[in-house]
Amino acid sequence: MDIGALTDETLSDLRRKREYPAVSLQMPTNRRAPYRPEDQVRLRNTVAEAKRRLAEDPRVTRAARMDVEARLDAAVAEVDLTHGSDGLLVLAAPGEHQVWYLPRMVPQRVMIDDTFLTRNLVAARLVEEPYWALVLSEGETRLWDGTGENLVEATENGFPVRPALPDHQDALPGRNFDKVGNHPLSSREESHVERERQYMRAVAAALAPVMDRRPRPLYVIGLREQIALFEKLYPNSAAITARVENGGAAGKSAHEILGMLHPAFDQRRSSRHEEVLRRLSDARGSRRFTSGLDEIWRTVREGRVALLAVEDHYQVTARVDGNGGHPLRVEAPTEPLLADPDVHEDVVDEIVEAALAGGADIEFLPDDALAEADRLAAVLRY
């Protein structure tokens, strides 16, 4: 499944405890090449590792092992390695299996526990933030409905919006954008300019109810003068996330428009990361900051975490005492040790799940971004 299918209800179901063993396989895949043999080899090796660990795990009954192995085989049969994604997540437990395509790079890994590994699903959904892309042009203005790399044209509320031209002798809208404010206009030119304003008013009127029903980041693509006029006439210009100056977007495909949007996406992600670091810094000053595995393990269970920031690939295997107390880091876990029910293979994933359950904001930062904060940090509510 694509990450766009990940609803709150689906994520909540994936986070619940399951009959042991619940197997999570993840691995990187090649987005730029539709198919490469190494992807198939990596998948085969990852599944073989999972089956070996199931066979050697004393907690796994023969019936459960055969069930989960069959589920893994069924999942592998469903995997489409020509799918344009950066990562693959396969989940299997007694009686169920799922395949998820991730729009982010993930390390190759096998985890066996009584819950699925969901951190990368949460992180991927942040990457796949829904948005609107408004493409301004002389002949028509088109609205695109986007989720990550998936972009489809929206035809709701009158889109595409086309200008009203009284007859074939009138110039197309856009011809006189560059004359506004530069020098006096003739009566014919004034008529053109007013028609351009009416056109942009119609675009703004069509977009406003769409944004009211489904507020999202808004990316506006067009000539500088077109964007400026639209921004002047749109009642909620503060909702514009980014302005992409490009006069050649009219008639372009979804793939081509995505190429125009990628720099704006990168800038938005960078801005979000900077905002997270700013919030963490402010929290230090107001004594609402904490970091490190033990402290965050405790405070997240107390419901005190408002914002949790985690480095992308930070993973810790730890022994947790029977009372759910502080985790004790296991520096070099061995597979017999992982079979111990008091050893949690990824307590960081459990922290993320607990923070979600407590209503905290979750942000994933690049590796080493939180090196001075022991790889994860939090803003506390109190």
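Numbers at a glance
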item: Residues in the range 128-156 reached by a label modelled at ASP212 [backbone nitrogen below 18 Å; 7 Å Cα→Cβ]; result: 156
item: Contour minus Cα-Cα distance for ASP13 and SER281 (0.36 nm per residue); result: 93.0 nm
item: Cβ charges +1 (Lys, Arg) and -1 (Asp, Glu), total dipole of the range 12-88, debye; result: 240 debye
item: Relative contact order %, the chain, counting alpha carbon pairs below 8 Å whose residues are six or more apart; result: 14 percent
item: Estimated inter-spin distance, ALA371 and GLU245, nm [label 7 Å along Cα→Cβ]; result: 3.7 nm
item: Helical contribution to [θ] at 222 nm, DSSP H n ≥ 4, -39,500 (n - 2.57), averaged over the chain, rounded to 500; result: -12500 deg cm²/dmol
item: Prolate/oblate/rounded label for the range 1-127 (Cα gyration tensor, a/c 1.5); result: oblate
item: Ellipsoid equivalent to the chain - semi-axes via the Cα gyration tensor, in Å; result: 50, 25, 16
item: Positive dipole terminus of the chain, leading residue within ALA206, ALA75, GLY358 (C-beta point charges); result: ALA206
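Where a number appears in this text, it was derived from the coordinates with a stated rule and is not lab data. This structure is a prediction, so every number in the text was calculated from the model and none was measured. Cβ coordinates were reconstructed from backbone atoms using ideal geometry, including for glycine residues, and neighbour counts include every protein chain displayed.
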